[in-house]
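*Asks:* Got a structure for you, questions after.
The values are calculated or read from the model by the stated rules, or taken from the named source; none is laboratory data. Small disclaimer: the values here were computed from a predicted structure and weren't measured. FYI the Cβ positions are ideal-geometry reconstructions off the backbone, even for glycines, and counts take in every protein chain you see.
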Amino acid sequence: MAYKKLLIISQRRAFRRLVANNRERLYRMAFAWTGDPQLADDLVQQTLLKALKNRKQLRDFAAAEGWLFRILANCLTDYRRAKREFLSGDNLELIDKVTPERRFREEELVQKVRQAVQRLPINHRQVVTLVDLEEFSYASVAQILDIPVGTVMSRLCRGRRALRQELLQTRSDEMLTPAINIKRVK
Amino acid sequence: MIKDEKISEEQLNAFIDGELESEEINGVFDEAEQSAELDGRLCKQRKLKELVKHAYRDVPEPRRRTPVGRMPASMLGMAAVASLLLFLGAAAGMFFTQSLEQRSLQTGSESAATGQPVITSENYILHVSSGDPEQMQRALKMAKALLSSASSNTPRKVEVVANEKGLDLLRSDITQFTEEINYLASNRVVFYACSKSIQRLEEKGVVVRLVPEAIPGYTALDRVVLRMQDGWEYIKI
């Protein structure tokens, strides 16, 4: 009985740590997906409250981070379904204009990249940011977004190609046409 | 147009994302040694990844109101008076605590008779986000049951936090539960109205009026996390 109680206390503490450790990361990801600080904050709140509500479903704490990001992705899907609309690059531009940091040159680069990311289709944007910002493996991204690993790879390719064209002014895409398919990933 | 025939774009991505096995990594390095063009592509992919990371290293904070900031000016005076009353009340409370506990315990026996589930002796935060009056009533009943079932040696603390449509529970012009809220508040149940939900409504032009027992100081999440950090049990209604 005492052991069971200790286990519950320990799980509760671990969950609290999980929430505390991931709140900032989730917010950053939500902001990268939406480009809107308020909406991102709302999504994170919904995510963590859902996680708290369903915490007993989480059996394996090793998979907890991916679980949280998956809830975040689901919250975003629900939001988009409810709203039937989503922020486009144009909306982001309006937000940028009131950002004071925009005066600085470095910030202009940051805004340029964020705008390019916002212009990606949401499916590509999610994959690129999960891989680049959180360093999730392709397999983890596949689990978070509930898509096959091959789809993760193709979305990543298209997303990065679009970003490269916009941000790095690369030569034609033909140069990057795949000649052979990758055999395996970890 | 130059085409690289050996390394695909997927393979380049997998390389910079650390997804390749060591044999394949060696293969990419070997190819890059031979091809300045491939080397250039690798650099660009890495640069792109770093650019994206850099762009989101510092993200803007969401606009949040502080508890004091949210108070209308007229309420600041009230807050000062409340502080004074709180000080006086603290002294008086020493005398009244006992009777409150007794009252709570009496309610407890009634509640136990109604067959409420057995509840352990801990503090609880209840979260209401539904606009369904039945769910609101359920939250209030549960708060009452929690108070009732607490041990007399360790008085239980109970908070109710309302957000989204559940905020209606604490809106004076909408709620159907004024008396229940008043009763529970007088038994030390604390009610919190989510500041974010209030803000959302105000942005839509809704004037949010809360029952006097409601404290509009935190987002629902902040309050829940704070209490969980204190070891409280969280219950989503």
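*Asks:* Taking region A:35-86 only, how many residues are closer than 19 Å to A:A139 by Cβ, in a helix (DSSP H, G or I) and not polar (S, T, N, Q)?
*Replies:* Adding up the residues that qualify gives 13.
*Asks:* Could you pull out the residue among A:D60, A:D78, A:D96 that is at pLDDT below 85 and in the same structural domain as A:N21 (by TED's automatic domain parsing)?
*Replies:* None of the others qualify; the one that does is A:D60.
*Asks:* So is B:V225 part of a helix (DSSP H, G or I) and either small (G, A, S) or out of contact with any strand residue (DSSP E or B) (no Cβ under 8 Å at 6 or more places or on another chain) (or both) or not?
*Replies:* So B:V225 passes the test.
*Asks:* Conditions: (1) over 22 Å from A:Q46 (Cβ atoms); (2) assigned to a loop (DSSP other than H, G, I, E, B); (3) more than 19 Å from the chain's Cα centre (by Cα). B:G231 meets all but one. Number of the miss?
*Replies:* Of (1) over 22 Å from A:Q46 (Cβ atoms); (2) assigned to a loop (DSSP other than H, G, I, E, B); (3) more than 19 Å from the chain's Cα centre (by Cα), only one is false for B:G231: (3).
*Asks:* Follow-up question, since we're still on this one. Mind counting the residues in region B:171-202 that are touching a residue at least 40 places away in the same chain (Cβ under 8 Å) and in a strand (DSSP E or B)?
*Replies:* 2
*Asks:* Determine whether B:A150 is in contact (Cβ under 8 Å) with a residue 24 or more places away in the chain and within 14 Å of another protein chain (Cβ to nearest Cβ).
*Replies:* Judged against the criteria, B:A150 is not a match.
*Asks:* Would you check if there is a residue in region B:61-68 being at pLDDT 75 or above and either out of contact with any strand residue (DSSP E or B) (no Cβ under 6 Å at 6 or more places or on another chain) or more than 7 Å from chain A (Cβ to nearest Cβ) (or both)?
*Replies:* yes
*Asks:* Go through region A:129-143 residue by residue and tally those that are within 10 Å of the chain's Cα centre (by Cα), surrounded by fewer than 24 Cβ atoms within 10 Å (Cβ to Cβ) and assigned to a helix (DSSP H, G or I).
*Replies:* Final tally of qualifying residues: 0.
*Asks:* What single numbered condition from (1) at pLDDT 90 or above; (2) more than 11 Å from chain A (Cβ to nearest Cβ) fails to hold for B:N187?
*Replies:* Here B:N187 clears every test but (1).
*Asks:* Restricting attention to region B:203-222, and to residues there that are of a type in the set (G, A, S) and assigned to a loop (DSSP other than H, G, I, E, B), which single residue is modelled with the highest pLDDT?
*Replies:* In this case the residue turns out to be B:G205.
*Asks:* Moving on. What is the residue count in region A:142-151 for residues that are facing chain B (nearest Cβ under 10 Å) and either small (G, A, S) or within 17 Å of A:M29 (Cβ to Cβ) (or both)?
*Replies:* Final tally of qualifying residues: 1.
*Asks:* Scan region B:196-237 residue by residue and report those that are farther than 22 Å from B:K144 by Cα, small (G, A, S) and more than 11 Å from chain A (Cβ to nearest Cβ).
*Replies:* Listed by number, the residues that qualify are B:G205, B:G217.
*Asks:* Within region B:166-184, can you find the residues that are of a type outside the set (S, T, N, Q) and buried (at least 17 other Cβ atoms within 10 Å of the Cβ)?
*Replies:* Of everything in region B:166-184, those that are of a type outside the set (S, T, N, Q) and buried (at least 17 other Cβ atoms within 10 Å of the Cβ) turn out to be B:G166, B:L167, B:D168, B:L169, B:L170, B:R171, B:F177, B:E180, B:I181, B:L184.
*Asks:* Considering only residues that are over 19 Å from A:E134 (Cα atoms) and within 11 Å of chain A (Cβ to nearest Cβ), which ones fall in region B:32-60?
*Replies:* Within region B:32-60, B:E37, B:L38, B:G40, B:R41, B:C43, B:K44 qualify.
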